[in-house]
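See structure below.
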Amino acid sequence: MDIQDQTLIDKINGGDFQAFEALVNRYEGKVYRLATRMLRNQQDAEDALQETFLQVYRGLKSFEGRSNFSTWLFRLATNVCLMKIRHRGTEPSGMLPWEDYLPQHEDGEHPVIQEWPEKPEEILLSKESREKMMEALEKLPPEYRAVFILRDIEGFSNSEAGETLGISVAAVKSRLHRARLVLRGMLAEYFEKGKDAGPTLVEN
Amino acid sequence: MTEDHKGKESQSLECEGMECKEILEKLSEYIDGELDPQICKDLEKHMQDCHPCLLFIDSLKKTITLFKYTASEPLPQEVHLRLHDYLRKECKDC
């Protein structure tokens, strides 16, 4: 476990509330980011953030340190988000039609794949583009979305993501691959439209 | 697609080794550096001759990069303040 986390946890368990605030400061940004991407609603994300850290405070005494604190924290945060999603009851189902987003080979011909902009980060200058990206992420079923966020946005390893979500490394890899293919496909649809419409992709 | 590309691609359809479909299945492992070195070599050989697969992997990498960039968004100050107020109040009763 991270030494700073362990030191803070020891102090918190000794009754030091400032140490808890320091621990919250270390992770609040990451947890909020996870929640905004999972829930795509700022109020729900803020509620999830508050609920998660309250659960952390309540659970710290029984946290035995078998896993990293961050793994435990993200497991709590992901579960809080998944619970909120379940309550909404409007999320995409567990099936991901990922094959629909693969290039289609017809009559032995290769599909036409459009070349993407050289510097994709320029795309992010556009508010519309960021919105499209978040929309695409929202279309993933929650269990695929969680894997993609942990692995590709937060930089977890396969085993850390697996431990956080309680699934095998093989399941992480499979969901991640499908999630990436679907997101690529959704963004490709947008880029192709953007090309037709001119240089709006890089404008605010 | 240019005539040149069409020619190149029909040629790659007939080439031996990995098929495009197999390539698609392994792209994430390739990007993450988790692919067996021999399969990796076969995949790179295929991509030398297959322009669509090359473009596809480029766009997949860019998709990941784009979402990674969004990770730098900071926590809004007012959210931070409300969180700490909430915890100070709620944790008193714990």
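Values in this text are rule-based calculations from the coordinates and carry no lab data. Only a predicted model underlies this, so the values are computations on that prediction, with no experimental measurement involved. Note: ideal-geometry Cβ built from the backbone for every residue, glycine included; neighbour counts use all protein chains shown.
Summary table below
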quantity: C-alpha long axis of helix A:17-39 to longest principal axis of chain A, angle in °; calculated: 20 degrees
quantity: Phi to ³J(HN,Hα) by Karplus 6.51 cos²θ - 1.76 cosθ + 1.60 over region B:60-75, Hz, x for Gly, Pro; calculated: 5, 4, 5, 4, 5, 4, 4, 5, 4, 4, 6, 6, 8, 5, x, 6
quantity: Cα long-axis angle, helix A:42-59 against chain A (0 to 90 degrees, to the nearest 10); calculated: 30 degrees
quantity: Estimated 222 nm signal from helices in chain A, with DSSP H stretches of n ≥ 4 weighted -39500 (n - 2.57), rounded to 500; calculated: -21000 deg cm²/dmol
quantity: Between 0 and 90°, nearest 10: helix A:3-13 axis offset from chain A longest Cα axis; calculated: 50 degrees
quantity: Phi to ³J(HN,Hα) by Karplus 6.51 cos²θ - 1.76 cosθ + 1.60 over region A:144-155, Hz, x for Gly, Pro; calculated: 7, 4, 4, 4, 4, 5, 5, 6, 9, 9, 8, x
quantity: Estimated inter-spin distance, residue A:58 and residue A:138, nm [label 7 Å along Cα→Cβ]; calculated: 2.9 nm
quantity: Separation in nanometres of the label points that stand 7 Å from Cα toward Cβ, at residue B:48 and residue B:68; calculated: 2.6 nm
quantity: GNM result for chain A, Cα springs below 10 Å: residue of A:169, A:147, A:80 fluctuating most strongly; calculated: A:169
quantity: Phi to ³J(HN,Hα) by Karplus 6.51 cos²θ - 1.76 cosθ + 1.60 over region B:18-25, Hz, x for Gly, Pro; calculated: 6, 8, 4, 5, 5, 4, 4, 5
quantity: Interchain or long-range residues, amide H under 5 Å from residue A:67's placed H; calculated: none
quantity: Relative contact order computed over chain A (Cα-Cα under 8 Å; 6+ residues apart), in percent; calculated: 22 percent
quantity: At 1.306 mPa s and 10 °C, Stokes D of chain A from Kirkwood alpha-carbon radius, µm² per second; calculated: 84 µm²/s
